[in-house]
Structures are given as structure tokens and as C-alpha cells.
Amino acid sequence: MKDTLILGIESSCDETSVAVVKNGREVLSNVINTQISIHELYGGVVPEIASRNHVENISPVMKEAIKQANIKLDEIDGIACTYGPGLVGALLVGVAYAKALSYASGKPLIATNHIEGHIAANYITYKDLKPPFLTLLISGGNTQLVLVKDYTEFEILGKTRDDAVGEAFDKVARVIGLGYPGGPKMDNLAKQGVPNIELPKVHVDGLDFSFSGLKTAVINLHHKMPDINKANLAASFEKNIAEILIEHTRKAIKETGITKIALAGGVSANSYIRQEFSKLQNEKNIEIYYPELKLCTDNAAMIASAGYYNFIKGNISDLTLNAVPNLKL
Ligand SMILES: Nc1ncnc2c1ncn2[C@@H]1O[C@H](COP(=O)(O)OP(=O)(O)OP(=O)(O)O)[C@@H](O)[C@H]1O
Ligand SMILES: [Mg+2]
């Protein structure tokens, strides 16, 4: 069978990325230009600055991705771009670029959901992984337990009612003085501490989550006790989160009878959460998957992979495509 090459374009937040992926699984190139050092100055992503940088970066990133893949643009079969969820001004840059490229090249345009992309990152890391499986999506903007019924068919089993896990990591990190992006900095700090501080565990009915109470408790504790050991606080916060995530994953396994679990999204790069989920594998039948670190946070290879599965389903868009900042799975 002829190989299918998909060009992926990602610009939903502060990474401008373009990738070429073969048959949804093999990365020929995955160029990521991150704006972290620019937004670090402000303690978080400034949407307008993100959009302007995407405009400047997208053409050079695209050229580099084609060069590293060692292909000609004419050889690609489709152009997949993130059209949501994300920052509207940032998304529009990728969407407009993909539409122009599709019009000029005559290649089909594949509107791709960023969350589907995070899930698809697992297909790149695990060449034999196939639906059905459960996904615990833990990212900067989303926290969901998802039943992946097929490559393009999803059922949300539970979701956060307030903060996403990554958001809670970033906010706590900012308050205790670690700066942006908080997740990786909390991860490193927690390794130097012990989880000996008691924090509230917020229980919500069913498979939904809630993290704002925990976030506020940690922030209040830090305000009341400015000399508190920050490494211990970070370790306790991570432990609390990992326990909730594992508890709910267990419930989802019990409810669905599905024992294949794939983690996805930026927080799945967290070393403690990875370690604790790995322990589940010692239990009967449970298989845990998580993308390689570079594929956990935003990148275009995951978009090209999700785009591939939409492409083979015939999910092609036209040039009326627009960004959808609050797009759901
Ligand atoms: N090692 C880590 N430990 C904990 N959190 C981490 C780690 N690495 C990254 N993160 C968090 O992951 C988030 C970024 O992930 P991602 O790029 O998937 O989110 P996003 O694209 O902003 O949101 P979404 O994908 O929901 O639109 C940030 O909140 C960041 O702090
Ligand atoms: Mg993301």
C-alpha cells in the first residue's frame, strides 16, 4: 500500500510547530519553536504576543520541517492543522497558513482537534497501540478521562469541573515563586522534598475531577507560612494529584472493563505521575502507555498523526474553516 504523508501544523498556544508524519506513526520531522523564554518574563502566556510570534515563526518552521523530512511539498497527501481548542489569535495563524497552503498546493485540508492530537501522540510512541483504550488527558487547559472507541470516536467519561491539572501546577508554581512554565519546575523541586504536608482531597461524584480547592489550599498555606519547605509542599501537591488521578482511572477501568490506559497532555511528562501510574502495571492485565517526553507537550507530529486518522476516514475540510477556541472532543 502507498505511504501517506501528512503535514501537521500546530499553533494553539505558545509553540509554533510543523511536522511530517508517515502513516500516522512515523515521524519524518517535528520542528518545534517554543516561545517559553518570551512569555517567562510575564509569568504566563500573553495571547497577543503569542500570535505575533506565530506569524513570524510559521514560515521558517515549515521550511525546516520539509527540509528535515527530506521531501518535497508536492509529496504530501494532506495538511492537518489544529483549529481548536486554544487561543483564538494563535489558532488563526496556523489555520490561515494551512488554508493558504492547501489552496496553493491543491492538497486536502484536515481540521484537527488539539485534544485528539494529544491522544494520538501515543500512536507515535507505541506503533502497535490500537483503540479501544482509556485516555487520561492531563494538559494545561484540559483534564478528562476519555474512552477512545476508535481513532476518531471518543466518549468523555469524566472531566474537571474547574481547573485543569496543568493550570493548577502553573498557578501554584507562580505563587511559590517558581515562575513559568510551572509544571516542569514543580516536578524538579518535588524530587528534593518529601510529601509530608497534609492537603485536602477533593472528591466529586462519578469520574469528574476538581482541582481548584487543592490549588487554593496550597496557595493559602504558602501565604500563611511563607517559610514552609517548598520542596515538601511541591511533593505533597504532586502526591495528592497523582492519587486522585489514579483513583479515578481505577474507577473508569472498573466501569468500562478496559485495562489499556494511555496518558496524554503536558502533565503526562511529570516524572512522579509517570512513576505512580507505572506501578499499576503490576496489577493484573493493566497496561499503561505514555508518550515520549517531547510528544507530551504541544507539537505538530501529534496533530499530523490525528490528522492522518481523520484523512483516511474522509474527514476533509474546505476553505471556510475557522478557529474554534472552545472546541470539545
Ligand atoms: N513535568 C511536568 N510536570 C507537571 N506538569 C507539566 C510538566 N511538563 C509540562 N507540564 C504542564 O503541562 C502543561 C502544558 O501542556 P500542554 O502543552 O499539553 O497544554 P496546553 O496545550 O497549554 O493545553 P491544552 O492542550 O489543554 O490546550 C502546562 O500546564 C505545564 O505546566
Ligand atoms: Mg496542548
Restricted to region 173-212 and to residues being of a type in the set (S, T, Y) and assigned to a loop (DSSP other than H, G, I, E, B), the residue nearest to ligand 2 (Cβ to nearest atom) is Y180
Those residues of region 90-126 which are out of contact with any strand residue (DSSP E or B) (no Cβ under 8 Å at 6 or more places or on another chain) and in a loop (DSSP other than H, G, I, E, B) amount to G106
Practice problem: Would you be able to say whether some residue in region 128-135 is crowded, with 19+ Cβ neighbours inside 10 Å, more than 27 Å from V61 (Cα to Cα) and within 16 Å of ligand 1 (Cβ to nearest atom)? | Solution: yes
| query | For G265, are the conditions met, namely being surrounded by 14 or more Cβ atoms within 10 Å (Cβ to Cβ) and either touching a residue at least 24 places away in the same chain (Cβ under 8 Å) or not assigned by TED's automatic domain parsing to the domain that holds Y97 (or both)? | reply | yes
Residues of region 257-289 being in a loop (DSSP other than H, G, I, E, B) and within 16 Å of ligand 2 (Cβ to nearest atom), in sequence order, are G265, N270
Being closer than 30 Å to K260 by Cβ and within 16 Å of ligand 2 (Cβ to nearest atom) narrows D128, D170 down to just D170
Restricted to region 15-39 and to residues being among the hydrophobic types (A, V, I, L, M, F, W, C) and part of a strand (DSSP E or B), the residue nearest to the chain's Cα centre (by Cα) is I32
Contact list, first residue from region 23-38 and farther than 25 Å from T4 by Cα, second anywhere and of a type in the set (F, W, Y) and at pLDDT below 95, beta-carbon distance below 9 Å, six or more apart or interchain, is I36/Y180
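The values are calculated or read from the model by the stated rules, or taken from the named source; none is laboratory data. Computed from a prediction, not measured in an experiment: that's the story for all the values here. Cβ coordinates were reconstructed from backbone atoms using ideal geometry, including for glycine residues, and neighbour counts include every protein chain displayed.
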